[in-house]
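Shown next, in C-alpha cells, is the structure this report addresses.
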Amino acid sequence: FISVNEAAKYSNVSSLILVSSPMSFKDIEGRFLAASSVKIGMNSAREGDASFTVGNPFRHKEAPIDNIDKVKAPVLFLHGTKDPIVDIRHSKAMYKIANYPKKIMIFEDGNHAEELYRQFPEELMKVSKEFIKEGLSDGGIEHEGGCGSRLCETVGFIK
C-alpha cells in the first residue's frame with residue numbers, strides 16, 4: 001500500500017514487487033475480521049510472524065490505484081485467487097493501469113501475503129528473483145515510456 005505511493009511520489013525504487021497489494025484502503029477496511037482472514041492471522045501467530053496494524057480511520061489515505069500509473073519502475077504483482085482480505089481484482093486493476101514494464105503472477109488457490117509465501121515458497125521466490133534479475137540484466141529497463149523489456153504485458157499462472 002505504502003510502497004506504491006512512495007515510489008510514485010519520490011521515484012526512489014528501481015523495481016517494485018507487490019504481494020497482495022490493495023488498490024485502496026476503503027476497499028479492504030474491516031476485511032481482516034472475516035472468519036477466513038482470522039484463520040490466516042491465527043496461522044501467522046503459530047508461525048511466529050503475526051502482525052496487525054490499524055491506521056487512523058479519520059486520516060486521508062492515498063489510494064495506490066490513483067498512483068500506480070506514476071511509478072517509474074518495473075512492477076511485479078503477486079496475488080492469490082483465494083485471498084480473503086485483498087480480492088484479486090485489486091492487483092488486476094492496478095496491473096492494467098501501471099505504465100512501466102510489469103508482470104502479474106496469479107497463484108491458483110493462493111491466500112494472502114505471508115500465507116501466499118507459505119503456500120508457494122519456491123515459486124514465489126523464483127518469480128521474484130527472476131523479475132529482479134531480468135530488470136538488472138536488461139541493461140536498465142527503459143524508464144521513459146516503458147515497454148523495453150519482456151516484462152511488459154506478461155501474465156502468468158501458478159497452480
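The values are calculated or read from the model by the stated rules, or taken from the named source; none is laboratory data. The shown structure was predicted, so the numbers you read here are calculated from the model rather than taken from an experiment. Every residue, glycine among them, receives a Cβ derived from its backbone with ideal geometry; neighbour counts consider all protein chains shown. Side chains included, ligands, DNA and RNA excluded: accessible areas come from the protein's heavy atoms. Shrake-Rupley method; radii C 1.70, N 1.55, O 1.52, S 1.80 Å.
Of note:
- Identity of the residue in the stretch 16-30, modelled with pLDDT under 90 and open to solvent by 20 Å² or more (accessible area, probe 1.4 Å), that ends up nearest to Lys82 (Cα to Cα): Ile28
- Residue in the stretch 70-84 that is under 21 Å from Tyr117 (Cβ atoms), modelled with pLDDT of 85 or more, assigned to a strand (DSSP E or B) and open to solvent by 30 Å² or more (accessible area, probe 1.4 Å) present: no
- Residue match in the stretch 118-130 (condition: at pLDDT 90 or above, at negative phi, part of a loop (DSSP other than H, G, I, E, B) and of a type in the set (Phe, Trp, Tyr)): yes
- Selection within the stretch 85-103: residues that are part of a helix (DSSP H, G or I), open to solvent by 60 Å² or more (accessible area, probe 1.4 Å) and not aliphatic (A, V, I, L, M). The member of this set that is nearest to Asn67 (Cα to Cα) is Lys96.
- Filter result for Phe107 (aromatic (Phe, Trp, Tyr), in contact (Cβ under 8 Å) with a residue 40 or more places away in the chain and open to solvent by less than 40 Å² (accessible area, probe 1.4 Å)): yes
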